[in-house]
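Have a look at the structure below before the remarks.
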Amino acid sequence: MRFADKYKVYYPQRFKGIYTSRGDNDLVSVRIRQKEGRDPSKWTSEQLNSLCSISDKYGNGKIHFTTRGDVELYGIHESDLSHVIDLLDKAELDPRDSCGASVRNVMPCPSYLCPLAKIDAVSLSKRISRRFRHNPQYEYPLLPKRIKITVSACEKGCATPGIMDVGIVATKYGKFDVYVGGGVGDHAFQSVKLFEDVEESDLERISIAIADLLKIEKEKRGFKWVLNKYGVQKTKEILETMMNNITTEVFREETERINAERILRFPTRGGWLTTAEVREIAKISAENFGFVVLFNKQVLDVPVKVQVNTTLNYQMISPEDYGDLKGDVESCIGNDFCPPAIVSTNTVAEGVSKVLKEEGSVVNVKISGCSHSCGRHQIGEIGLGASMRDGKPRFKIFVGGDNFRLGKEVGEVDADMYGEVIRRLSKVEDMVKNQQIDEIVSLLKDVPSFTKSD
Ligand code: SF4
Ligand code: SF4
């Protein structure tokens, strides 16, 4: 099948979680969420085993883990798609509202594991999701663009409020700040703190008002442009007026706390693991608390209570380390399957991990295969975002991004020079964090093909 024909069929239906794969073929991919009412970040060992069976039989024998608590299966023939969806349904998994113009996973941080948590982020996430999930009023075509909402259970903001349409952050005394209008892509916007010290009962209405305003504005570029149009004060006034007309029902559900002394973090390679590796992780989780946490770093976290023997590579942390995790290398899917991809992000992610290991560095690196920025490179401590210049693949280099702040663009290099850039920047972590652009430019200026940003 020609890519153009496949694209016409699937593009408008992306909110159902089905994508076309790159090239003229009959392959599609499925992005999968937990079913309605479940914690979006908790994947049971049984579910992981089901995904492995599906991928082995109908996919490419691998599983891709995303930066929003989703899992993707690739290499599925169109003719097998409906059967695959039935199998996912039996495993309490569901692709709808994972992609396209929909309200995506309301992503909570793992507050049930983290001792710094001030609130139950999972319960709040379920409360907010119930208005949006499987609701055609908040899906394409009525919703013009996707909405991303996250909940961070303390001021560390691990759920990256800086780039969310709605980034909820629990503050002292059980109140909340709400960051609005962030987003990456061709035009990256850092969110602004639009509401301060609000009550939990207001958060659902704020989220609904933002989705409703996006619909009224028919803004296909996302809520960040609505905020840009009206400015901070006016947007806030409009939303507050709209909130007065929104009613919500009471929601009470408490998430069980998990008292794990240790958490094993299994890294992926640019999001990928083989089904053999996932089965091994599923086995370890079955012997412990029965689930893994897939939050927003393409890493599988397994809380453990018994001694674990495995040949897989992992990092051991304590729950109190959650607020300051180091050494994660994340990337989007890249040109293995994604149509607009410019580079093989997975190869780059593996190369970056190798350089960091050689240098003994634990800096966080994020990589995107094109300007759509699915790898969120703008918030990496070091970010690499692929682009084309004069027919050549290049990487834009960003430094000093974090949960609340966009990184600054330093310059760009030919894509195959990324290793040298990472090697040099990994040695000057403080300079990177403090966004000392002049010093960083001096450090990189003799890397072949480097040009500094204007
Ligand atoms: S440190 Fe991070 S994971 Fe822990 S409660 Fe705070 S935001 Fe959540
Ligand atoms: S950033 Fe570009 S290459 Fe990467 S997954 Fe998104 S669209 Fe594809």
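The values are calculated or read from the model by the stated rules, or taken from the named source; none is laboratory data. If you're wondering where the values come from, they're calculated on a predicted model, not measured in any experiment. Neighbour counts are summed over all protein chains in view; Cβ atoms, including those assigned to glycine, are modelled from backbone coordinates with ideal geometry.
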(Q) Looking only at residues that are in a helix (DSSP H, G or I) and not basic (Lys, Arg) in segment 5-26, which one is farthest from Gly69 (Cα to Cα)? (A) Asp5
Q) How many residues does segment 166-196 hold that are away from ligand 2 (no atom under 16 Å from the Cβ) and closer than 22 Å to Gly369 by Cα? A) 3
Q: Scan segment 107-134 and report the pairs whose first residue is on the phi > 0 side of the Ramachandran plot and whose second residue is part of a loop (DSSP other than H, G, I, E, B), with Cβ atoms within less than 9 Å and a gap of 6+ or a chain change.
A: His134/Glu36; His134/Arg96; His134/Asp97
Q: Please enumerate the residues belonging to segment 76-97 that are touching a Phe, Trp or Tyr at 6+ places or on another chain (Cβ under 8 Å) and either on the phi > 0 side of the Ramachandran plot or in a loop (DSSP other than H, G, I, E, B) (or both).
A: Arg96, Asp97
Q: Quick one: count up the residues across segment 327-367 that are within 13 Å of Gly385 (Cβ to Cβ) and in contact (Cβ under 8 Å) with a residue 60 or more places away in the chain.
A: 10
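This table checks each residue for (1) touching a residue at least 12 places away in the same chain (Cβ under 8 Å); (2) within 16 Å of ligand 1 (Cβ to nearest atom); (3) touching a helix residue (DSSP H, G or I) at 6+ places or on another chain (Cβ under 9 Å).
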site	(1), (2), (3)
Leu27	yes, no, yes
Ser41	yes, yes, yes
Arg68	yes, yes, no
Glu78	yes, no, yes
Asp86	no, no, no
Leu93	yes, no, yes
Q | First in segment 374-386 and on the phi > 0 side of the Ramachandran plot, second anywhere and part of a loop (DSSP other than H, G, I, E, B) and away from ligand 1 (no atom under 16 Å from the Cβ), Cβ under 9 Å, 6 or more apart | A | Arg376/Val184; Arg376/Cys332; Arg376/Gly401
Q. Of these, Lys145, Lys126, which one is surrounded by fewer than 24 Cβ atoms within 10 Å (Cβ to Cβ), under 20 Å from the mean Cα position of the chain (by Cα) and within 16 Å of ligand 2 (Cβ to nearest atom)?
A. Lys145
Q. Residues Phe337, Phe398: which one is modelled with pLDDT of 95 or more and not aliphatic (A, V, I, L, M)?
A. Phe398
Q.
Restricting to segment 136-171, give me the number of residues that are in a loop (DSSP other than H, G, I, E, B) and either among the aliphatic types (A, V, I, L, M) or free of Cβ contacts under 8 Å to residues at least 24 places away in the same chain (or both).
A. 6
Q) strands (runs of 3 or more DSSP E) wholly in segment 172-285 with at least 3 residues that are of a type in the set (A, V, I, L, M, F, W, C) - which ones? A) 176-180, 192-198, 262-267
Q | Those residues of segment 85-118 which are within 16 Å of ligand 2 (Cβ to nearest atom) and touching a Leu at 6+ places or on another chain (Cβ under 8 Å), in sequence order | A | Ala101
